[in-house]
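Only one structure is covered here, and it is reproduced in the block below.
The values are calculated or read from the model by the stated rules, or taken from the named source; none is laboratory data. Note that the coordinates shown come from a computational prediction; the quantities given were computed from them, not determined experimentally. Positions of Cβ are backbone-derived with ideal geometry, glycine not excepted, and every protein chain shown enters the neighbour counts. Note: accessible area is taken over every heavy atom of the protein model, side chains too, but ligands, DNA and RNA are not part of it. Shrake-Rupley method; radii C 1.70, N 1.55, O 1.52, S 1.80 Å.
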Amino acid sequence: MHYNNGSGLVHASLELTFRATRAPTRDAATYSVPYFVVVHEGAKIYSKRLYTLKFTFAPGAAATTITQSPDEIELQISNGKLPWDYQEMAGFQMTPAQIQYNQTRSRYVP
């Protein structure tokens, strides 16, 4: 994170590491999974960006690890706020059907 006290601009970046597993198989496989990065302060979201995580399992591989660095985020800090008042968070972007399924499985937290 880089903070310019004069302009009130914060430039933040992060590096995400994902680990995917599957049952062992002889076949290679490639997947794409949508995810997001948000900047928030409590329940208030200031920025949300969508990304796609692409990863491949080699033939016979049961696990793979992927590292990605999403775009740097620039945020104008409000008067009286400090950079550490804000947080960055990443998560998987779900479809409405996936959210509904999770609600039926007691995995949904409103």
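Below are the figures for this structure:
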| item | result |
| --- | --- |
| Charged-residue dipole, Cβ positions (Lys, Arg, Asp, Glu), the chain about Cα centre, Debye nearest 20 | 520 |
| Average Cα contact separation per residue, the chain, under 8 Å, 6 or more apart, as relative contact order % | 33 |
| Base-10 log of normalised Debye intensity for the range 50-110 (one unit scatterer per alpha-carbon) at q = 0.19, 0.21 Å⁻¹ | -1.00, -1.02 |
| Enclosed volume per residue, in Å³, of the convex hull spanned by Cα atoms of the chain | 119 |
| Surface accessible to a 1.4 Å probe, Leu75 within the full protein complex, Å² | 30 |
| Along the chain, longest interval not containing exposed GluC sites (Glu not before Pro), exposed being DSSP loop plus at most 15 other Cβ atoms within 10 Å | 16-71 |
